[in-house]
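Okay, structure first, notes after.
The values are calculated or read from the model by the stated rules, or taken from the named source; none is laboratory data. No experiment lies behind these values; they were computed from the predicted model shown. Here the Cβ positions follow ideal geometry from the backbone for every residue, glycine too, while neighbour counts run over all protein chains shown.
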Amino acid sequence: MSTWFEPVPSIESLNAKQVNTLAEHLGMEITRITDNSLTMSMPVDNRTTQPHGRLHGGASVALAETVGSIAANLALDTNLQAGVGLEINANHIRPIKEGLVFATASAEALGRTTQVWSIRIADSDDRLICISRFTVAVISAVRA
């Protein structure tokens, strides 16, 4: 059974919705959709590193919240409901100084009023960089 409310938009159309947003500014792009997960990439470069040249923890959290928010809304009938961030936390496991990171969001719980998502951020060799948990409030689309 798929996590997503049908029909699921194409990767191209989802990426097109990121124009003029934080996601575009930081170079985030959706790279993969499966029946139960959504993956987004982000470069580790001058936009996303801290002064020591390592991936900034805030950039990791921005990536986690972005992929989690997109996934949360793909799981809803957006004519009736919207998913908005309620709480996020992150554990930064390993530093990275270059390349791409990939954040994969998977649902832990899809309730009527809240959703909980796990977001795993890894490097190109699938080494864990950060693990995040993201809680989403499900509200009326009129209130969004």
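Here are the numbers:
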{"read-out": "Region 63-93, subset in contact (Cβ under 8 Å) with a residue 40 or more places away in the chain and assigned to a loop (DSSP other than H, G, I, E, B), residue nearest to ARG127 (Cα to Cα)", "value": "ALA75"}
{"read-out": "Those residues of region 132-144 which are surrounded by fewer than 16 Cβ atoms within 10 Å (Cβ to Cβ) and either in contact with a helix residue (DSSP H, G or I) (Cβ under 9 Å, 6 or more places away or on another chain) or not charged (D, E, K, R) (or both), in sequence order", "value": "ALA137, ILE139, SER140, ALA141, VAL142, ALA144"}
{"read-out": "Unmet requirement for ALA64, which otherwise passes all of (1) in contact with a Phe, Trp or Tyr (Cβ under 7 Å, 6 or more places away or on another chain); (2) buried (at least 21 other Cβ atoms within 10 Å of the Cβ); (3) within 16 Å of LYS17 (Cβ to Cβ); (4) not acidic (Asp, Glu)", "value": "(3)"}
{"read-out": "Residue that is hydrophobic (A, V, I, L, M, F, W, C), under 27 Å from GLU12 (Cβ atoms) and touching a Cys at 6+ places or on another chain (Cβ under 9 Å), where the choices are LEU74, LEU110, LEU80, LEU63", "value": "LEU63"}
{"read-out": "Considering residues of region 87-131 that are surrounded by fewer than 15 Cβ atoms within 10 Å (Cβ to Cβ) and of a type in the set (Gly, Ala, Ser) only, the residue farthest from LEU26 (Cα to Cα)", "value": "GLY111"}
{"read-out": "Only listed residue being over 20 Å from ILE33 (Cβ atoms) and part of a strand (DSSP E or B), chosen from VAL116, VAL138", "value": "VAL138"}
{"read-out": "Selection from region 1-44 of residues that are surrounded by fewer than 14 Cβ atoms within 10 Å (Cβ to Cβ) and either of a type in the set (Ser, Thr, Tyr) or touching an Asp or Glu at 6+ places or on another chain (Cβ under 8 Å) (or both)", "value": "MET1, SER2, SER10, SER13, THR21, THR34"}
{"read-out": "Within region 12-31, considering residues that are in contact (Cβ under 8 Å) with a residue 40 or more places away in the chain and part of a strand (DSSP E or B), the one nearest to ALA62 (Cα to Cα)", "value": "ILE30"}
{"read-out": "SER118 vs. criteria small (Gly, Ala, Ser) and either modelled with pLDDT under 95 or under 13 Å from the mean Cα position of the chain (by Cα) (or both)", "value": "yes"}
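Here's the yes/no breakdown for (1) touching a Ser or Thr at 6+ places or on another chain (Cβ under 8 Å); (2) in contact (Cβ under 8 Å) with a residue 60 or more places away in the chain; (3) over 26 Å from THR48 (Cβ atoms):
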residue: PRO95; (1), (2), (3): no, no, no
residue: PHE102; (1), (2), (3): yes, yes, no
residue: THR113; (1), (2), (3): no, no, yes
residue: VAL138; (1), (2), (3): yes, yes, yes
